[in-house]
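Below is one structure, written out as structure tokens; the observations come after it.
Derivation of every value follows stated rules applied to the coordinates shown; laboratory data play no part. All figures in this text were calculated on a predicted structure; none of them were measured in a lab. When we count neighbours, we look across all protein chains shown, and the Cβ atoms used for this are built from the backbone with ideal geometry, even at glycine.
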Amino acid sequence: MVPAPPRRGARVSLASSGGVGDGRTLNTAAFRRAVDSIERLRAPGGAELYVPPGVWLTGPFNLTSHMTLFLARGAIIRATQDTSSWPLMEPLPSYGRGRELPGGRYISLIHGNGLNDVVITGENGTIDGQGSVWWDMWKKGTLPFTSPHLLEFMSSSDIIVSNVVFQDSPLWNIHPVYCSNVVIRNLTILAPHDSPYTDGVDPDSCSNVCIEDCYISTGDDAIAIKSGWDEYGIAYGRPSSNIIVRRITGSTPFAGFAIGSETSGGVENILAEHLNFFSSGVGINIKTNVGRGGFIRNVTVTDITLENVRYGLSIAGDVGGHPDDHYNQTALPVVDSITIKNIQGQNIKQAGLIKGIANSSFSRICLSNITLSGDGARIRPWKCEAVSGSAIQVQPFPCPELSSTSGTSLCTDSL
């Protein structure tokens, strides 16, 4: 069951906190005053911060526990493009450095750390990252530190994000990390297809997460489940687990649904269902690398529709870079018990790639009821190595590694 948003005992308006929604006045102080007043109120059930219609230019601000950030219809929270007003923060301990660059990272536009019971919702108002200034710095090589997310929750629980438009994030749009009990639903997430690292939703070392009923069109993976990077993620040791992703539609030059490649804390007990991706690079992409360690296991992906996609499916053990040269080259990931079934794809360039690691073969890779067709030309066949499992009713015909009778018996229960 997905929980309903809680009823709040009080309301604070951004306008009454000194905010001016003219698109020119900087409202960072007004947001901070409003959140401070919610903390002081200590209203029964918490309080709502109401953002009226208007364009509310702001720098980064923090949320607090037991609050709802409510965007009215026509409300736009717009990030300032003055990068000097973005504070730096320490790298995540499970990453050891910023994701784009060594060193620290810029704080997210909307941030929460150690919070409980927070809701971001509204009447489809917009949170606009104005990310082009950050993308240009990245492309020109002038970005000094890792760009900010639009929304990041750290070490928080009981989070709901719904009925809002996220657009033009500098980096990943929504990044819950070290969180539990997170619901993300009914969102529209937009960024140009050439915008770097603009993933839609990336739950990272999180548990008990539901992502549903969203439209995502961005420059990188629409959904990517992660859990830390190489030796830092191994040491931190917090997996992503018990995650449901369902009824997502979208388009991206990279992957519609992804796991990885940063999976060093482990990823397990994942269900992705009723997904629809078009004009994309890869439909389903499970990716890791030597040095990651960790595991990816007990994953089910089912009821997927793909249209005009380069690769229908990719499961690969040679994807993604490393934070530094100190990663352990003997830390090999375990990829086991991956069930992918009920997939229909049209205008697919290549059926799929399943490439394990020589000393850590991917096991129990179970494919069933998959039909992928080309765009008039013959679709390129599957490519496989260092993998075992089975394939039942798969077209085009799967690689020999997945057609053995022993593999079929191992996969019968999951299929």
Can you tell me which of T83, T249, T305 moves the most in a GNM of the chain? Springs connect C-alpha atoms under 10 Å apart.
T83
Tell me, what ³J(HN,Hα) does each residue in the stretch 115-128 have, in order and in whole Hz, if you take phi through Karplus 6.51 cos²θ - 1.76 cosθ + 1.60 with θ = phi - 60° and put x for Gly and Pro?
9, 9, 6, 10, 10, 10, 7, x, 10, 6, x, 10, 10, 10
Choice from H326, H111, H274 with maximal GNM fluctuation in the chain (Cα, 10 Å cutoff)
H326
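Less than 13 Å Cβ to Cβ from I296, Lys/Arg counted +1 and Asp/Glu -1: what total charge do the surrounding residues give? Write out the running numbers ahead of the final one.
Details: positive: K226, K287, R292, R297, R364; negative: E262, E268, D336.
Result for the neighbourhood of I296: +2.
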Report the calculated FRET efficiency for V20 and S180 (r = Cβ-Cβ distance, R0 = 45 Å), to the nearest 0.05.
0.75
Between the stretch 19-37 and the stretch 255-291, what is the C-alpha centre distance in whole Å?
38 Å
For I259, distant residues with modelled amide H under 5 Å away:
I225, N285, I286, K287
Amide N proximity, the stretch 65-98 versus N113 label position 7 Å along Cα-to-Cβ, cut-off under 18 Å
65-66, 85-98
Which value in nm describes the separation of the simple spin-label points at K349 and L88, placed 7 Å from the Cα toward the beta carbon?
3.9 nm
Taking Cα pairs under 8 Å and at least six residues apart, what relative contact order does the stretch 11-125 come out at, in percent?
26 percent
Would you work out which of I370, L26, Q81 lies farthest towards the positive end of the dipole of the chain? Charges go on Cβ: Lys and Arg +1, Asp and Glu -1.
L26
Sorting V299, S390, N359 by the position of each Cα along the dipole of the stretch 52-411 (Lys, Arg +1; Asp, Glu -1; all at Cβ), the one nearest the positive end of that ordering is S390
Under 15 Å from the Cβ of D202, count the other residues' Cβ atoms, weight Lys and Arg +1, Asp and Glu -1, and hand me the total.
-2
Across the stretch 52-411, how many lysine pairs separated by 8 or more positions, or lying on different chains, have Cα atoms within less than 15 Å?
4
Phi angles of the stretch 293-299, converted by Karplus (6.51 cos²θ - 1.76 cosθ + 1.60, θ = phi - 60°) into ³J(HN,Hα) in whole Hz with x for Gly and Pro, give x, x, 8, 10, 8, 6, 10
For L41 and Q395 in one chain, what is 0.36 nm times their gap in residues minus the Cα-Cα distance, to one decimal in nm?
121.3 nm
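With +1 on each Lys and Arg Cβ and -1 on each Asp and Glu Cβ, how big is the dipole of the stretch 102-217 about its Cα centre, in debye rounded to the nearest 20? The partial results should precede the final answer.
Values: 4 positive and 13 negative charges, 71 e Å.
My answer is approximately 340 debye.
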Rounded to the nearest 10, the angle in degrees between the Cα long axis of helix 28-41 and the longest principal axis of the Cα atoms of the chain comes to 80 degrees
Find the all-direction average of the projected area of the Cα convex hull for the stretch 52-411, expressing the result in square nanometres with one decimal place.
16.7 nm²
In a Debye calculation with equal point scatterers on the alpha-carbon sites of the stretch 263-375 and no solvent, what is log10 I(q)/I(0) at q = 0.19 Å⁻¹?
-0.96
Using a Gaussian network model of the chain with C-alpha springs under 10 Å, which one of G374, G18, G389 is most mobile by mean-square fluctuation?
G18
Would you please put 152-161, 255-264, 20-29, 234-243 in order of how densely packed they are, using the mean number of other Cβ atoms within 10 angstrom per residue and starting with the highest?
255-264, 152-161, 234-243, 20-29
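Tally Lys/Arg at +1 and Asp/Glu at -1 over every other residue whose Cβ is under 13 Å from the Cβ of D213; what's the total? It would help to have the intermediate numbers written out before the result.
Working: positive: R185, R246, R247; negative: E212, E273.
With Lys, Arg at +1 and Asp, Glu at -1, the neighbours total +1.
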Residues whose placed amide H lies under 5 Å from that of I120, excluding near-sequence neighbours
L69, I160, V161, S162
Given unit charges at Cβ for Lys, Arg (+) and Asp, Glu (-), the dipole magnitude of the stretch 52-411 about its Cα centre in debye, nearest 20, is 660 debye
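Is it possible to state the helix-based mean residue ellipticity at 222 nm for the chain, with each DSSP H run of 4+ residues giving -39500 (n - 2.57), the sum divided by total residues, to the nearest 500 deg cm²/dmol? What is it?
Working: 4 runs with 37 residues, N = 415.
So the calculated ellipticity at 222 nm is -2500 deg cm²/dmol.
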Name the residue farthest towards the positive end of the dipole of the stretch 52-411 from the options V209, S403, W134, assuming +1 on Cβ of Lys and Arg, -1 on Cβ of Asp and Glu, about the Cα centre.
S403
